[in-house]
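Note sheet for the following structure.
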Amino acid sequence: MKNTLLTWLMLLCLTGCSGLPGFKRSADPAGRSQPKATVGAQTSLADPSHQELAIAWETAQLAEQRGMDKEAIAAYLEVRRHDPDRPRVAHALAVLYDRSGMTDAASREYRAALEESPDDANVHCDYGYFLYSTGDSPAAESSLREALRLQPEHQQAMINLALVVGSSGRYDEAQALFTEAIGPAAALHNVGMLRLRAGDVETAKRLLAEAQRRDPSISQAEAVLARLSPPTP
């Protein structure tokens, strides 16, 4: 997923979802819905421990939003120290650990998040992408389908599921999912990129050209086609 061609695939999907890093997750650059940065009406800020909790929570939110993953992790762990049952901390930590390459810790936190919120489509979506990124495509597909069962219009789950099934060669299914999530021209582009990734250069070129014909604003297609074209003598 770090090669240049897949990066083009990721870039196009950014135009069709709500702002996550490539194909990854559900709603923000860490890929999940943001909990409200509040401590709760029942919490008295006159209590120093509650003040520390509020500060840690606000710090975690701000650091996460600014991409300061190390600081966000430390702040969420501080939140957990003050309030071990705080909702959504496990999901936040799972995403941050995943993004930081700490796979074992991310897996542990994803499992905790699923236990805490088994009916949260965002958690299933994010966990599905995590499983895909670690090479477990069958489990990834299962998790993403569960996200869509819980929330049939979950756009990012559709995108991620399209990536998973397309990476296994099920291009027609991938195109249908991409089309529903981000439109037909973008879907053609993305399937073209998946074909290219699989080594089917001629089909990829045809799909990319058709994507650009349908939607000239897809500049990524033009750039990739230029890279694939032989140099002019």
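The values are calculated or read from the model by the stated rules, or taken from the named source; none is laboratory data. Here the structure is a predicted model, which means the values were calculated and not measured. Reconstructed Cβ throughout: ideal geometry from the backbone, glycine too, with neighbour counts over all protein chains shown.
One line per residue, one yes/no per condition, for (1) free of Cβ contacts under 8 Å to residues at least 60 places away in the same chain; (2) charged (D, E, K, R); (3) within 14 Å of ASP126 (Cβ to Cβ):
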residue	(1), (2), (3)
ARG149	yes, yes, no
PRO152	yes, no, no
GLN156	no, no, yes
LEU163	no, no, yes
ALA186	no, no, no
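Output the residues belonging to segment 146-168 that are part of a helix (DSSP H, G or I) and surrounded by fewer than 16 Cβ atoms within 10 Å (Cβ to Cβ).
Of everything in segment 146-168, just one residue is part of a helix (DSSP H, G or I) and surrounded by fewer than 16 Cβ atoms within 10 Å (Cβ to Cβ), namely ARG149.
Does GLU222 meet the test of being part of a helix (DSSP H, G or I) and modelled with pLDDT under 95?
Values: part of a helix (DSSP H, G or I): yes; modelled with pLDDT under 95: yes.
Yes: the conditions hold for GLU222.
Please specify each residue of segment 169-184 satisfying the condition of being in a helix (DSSP H, G or I) and in contact (Cβ under 8 Å) with a residue 24 or more places away in the chain. Spell out the reasoning first.
Just the residues of segment 169-184 that are in a helix (DSSP H, G or I), to begin with: 171-182, 184.
Correct list: TYR171, ALA181, ILE182, PRO184.
Take segment 152-193 and flag every residue that is of a type in the set (Asp, Glu) and over 18 Å from the mean Cα position of the chain (by Cα).
ASP172, GLU173
State the number of residues belonging to segment 83-111 that are crowded, with 16+ Cβ neighbours inside 10 Å and assigned to a helix (DSSP H, G or I).
Residues that pass the stated criteria total 16.
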